[in-house]
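Reading through the structure tokens given below for one structure.
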Amino acid sequence: MISKPTGCLAITAVVFASLLTLGGCATKRSGAHLALTGIVSSNAEGPMEGVLVSAKRVGSTITVTVVTDKQGHYSFPANRLGPGQYLITARAVGYQPTQPELAATVGQNNIEYDIKLQKTSDLADQLTSAEWVMSAPGTPAQKASLFACTQCHTATQVFRSTYDAAGWLPTLVRMRNYDPGSTLSYPVPLPYHNGPRPGDKEFANYLSSINLSGGRTTWSFPLKSLPRPTGEETRVIITEYDLPRADAAPHDAIMDSNGIIWYDDDRQAILGRLDPRTGQTKEWSLPVVKPGFNPGSLNLAIDHAGNVWIARLFQAAVARFDPKTGKITTWREPAKYDNVHSRTSHLAVTPDGKVWFADTFNRRMNLLDPATGRITSYPAFPNWKWSWATDMGSGDRGKKPEGHFIFGVGSDSRDWGVFADKAGSNIGMIDPAGKTILYPTPTVNSGPRELRVDSEDRVWFGEDNVAKIGMFDIKTKAFKEWNTDPARVEDDYGAVIDKDGYVWTGGVESSFVTRLDPKTGEITQYLLPRLDVNIRCVNVDNFTNPPSLLIGENHRAKIAIVQPLQ
């Protein structure tokens, strides 16, 4: 059950304690297959389960992370750490290091380092967006609106701000006029202007009630954090690769048939290649075909010839990159439908080599024949009319959906286009003649976002509003949903199935990723090594055994591979 090479798929967690204490001298340890091992403990808990311990060789771009078991023990396999000097770091919610950072020298002999942590003096500095929202009072509708802020930055900025209600009103309008791929350090203006909206005053009042306005120095509610990993959640190795630009924003990371990773950039006209065996990267500049508009890209797919397809978002175009020749071919959306709202956000290659791609905000599905260059454009929702209320759809769970909004795109075995209607909470099907059929998800206002169509014509998708993974069987027209633990305040951005039949998801608000066994319903969640990751698209690495999750760390300029241990 392998996903077709189509399409794509938050934000942080807990504490990344970057400084550690060496508990005694480094010693050799018996054991033929371990490079570095030890115990993580604190005075408060003794040996600590679920602490993430990371090792990065000095001068390298690769970080390897393991997790402590119930006895507080961690170990790095010898085949994951070559000889050299390493910076060792750890992450545990509510804790910080007791002494400055530690560099360990790994050689031919196994080395034991015990790590000591102490209670943190600033828990607020360690919270993810999910934990902030979990801590704060508020209605589901208020919290759904708050989550919209975390597309560009963490919720920390909101809660630490000092704006009163009057100060929030112009801030809301200003923030609304930046692209969702923006960050505080790299804002990207939209090509059009959004003004005030109904409900802004009420939302401004809410924000001023939960931040540090009015001279407050602390919050009126207790800060809550998510528990550390336990049991099976600790059996994982995470490998992260630094990208060559500190401001890189990888939305998609996808692996080709040779085990090479390709990635795009939310904000810049760049396509990149990463060899996970060496960490080496190479990047190409993509042509800017619509000057004055965000030159970044969103979604990637690989066709049967190994070409990389790129959805160019505000460029209102799709592009094909030939890895053999380096040639880039671009197709613009038909001029008749190209306007300031055009966002060619997602695409999928059909079995016969054509390409479906969406104009998200104009609610159109386009079918490209690369052999002829012909693009046929269809309205995905013929009776749709724009209003502010139907722009993206409400995130209020249980509320009846308003309007329509295209997000993820796929293709089935018949060459039909498949798309996620995020605002309308439908899975849509469109045939090559342009006829659309909508299938409502079982959960009201679930917010389906990214999707994949597997080799059995099953559509796997994340339900962004309700922390669920969904599956729609195209052959039987039946849905099935799995809850991925709402207590973690997830926003399951997308879903993808690996070769062993496990389904993966991740999201923007926390740095937990989830693996589902759809046969048993068993959920395993793995914590990533750092705060402010911001996961968008999820893909898989089917070359590892067992298969791994492949993601771009959108706010950290990294690519990560999350591999469970047998």
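Here, each number is a calculation from the coordinates, and none is a lab measurement. This is a predicted model, so every value here is computed, not measured. Using ideal geometry, Cβ is built from the backbone for each residue, glycine included, and neighbour counts are taken over all protein chains shown.
Miscellaneous remarks
- Cross-link reach list, lysines versus LYS385, counting only Cα pairs under 24 Å and skipping chain neighbours closer than eight places: LYS336, LYS399, LYS400, LYS422, LYS435
- Taking the Cα centre of the chain as origin and assigning +1 to Lys and Arg Cβ atoms and -1 to Asp and Glu Cβ atoms, the resulting dipole is close to 580 debye.
- Share, in percent, of DSSP beta bridges within the chain that are antiparallel, nearest 5: 95 percent
- Applying the Karplus relation 6.51 cos²θ - 1.76 cosθ + 1.60 with θ = phi - 60° to the range 342-347 yields 3J(HN,Hα) values of 5, 9, 7, 8, 9, 8 Hz, where x marks Gly and Pro.
- Most tightly packed first, judged by the mean number of other beta-carbon atoms within 10 Å of their residues, the peptides 112-118, 297-303, 172-178 read 297-303, 112-118, 172-178.
- Lysines whose Cα lies under 17 Å from that of LYS224, excluding same-chain neighbours fewer than 8 positions away: LYS119, LYS143
- Highest-first arrangement of 363-370, 420-427, 324-331, 121-128, where packing means the average Cβ count within 10 Å: 420-427, 363-370, 121-128, 324-331
- Per-residue packing, averaged as other Cβ atoms within 10 Å, sorts the ranges 351-357, 164-170 into the order 351-357, 164-170, beginning with the highest.
- Label point distance in nm, ILE328-GLU522, each placed 7 Å from Cα along Cα→Cβ: 4.5 nm
- Spin-label zone in the range 174-208 - amide nitrogen under 17 Å from a point set 7 Å from the Cα of ASN339 along the C-beta vector: 191-195
- Extreme residue, positive dipole direction of the range 445-566, given options LEU550, ILE535, THR476 (C-beta unit charges): LEU550
- Lys, Arg +1 and Asp, Glu -1 on Cβ, resulting dipole of the range 29-139 about Cα centre, debye, nearest 20: 340 debye
- Each principal axis of the Cα cloud of the range 137-210 was evaluated for its coordinate range; sorted largest first, these ranges are 32, 24, 23 Å.
- Cα-based Rg / Dmax (Å) for the chain: 23.2, 72
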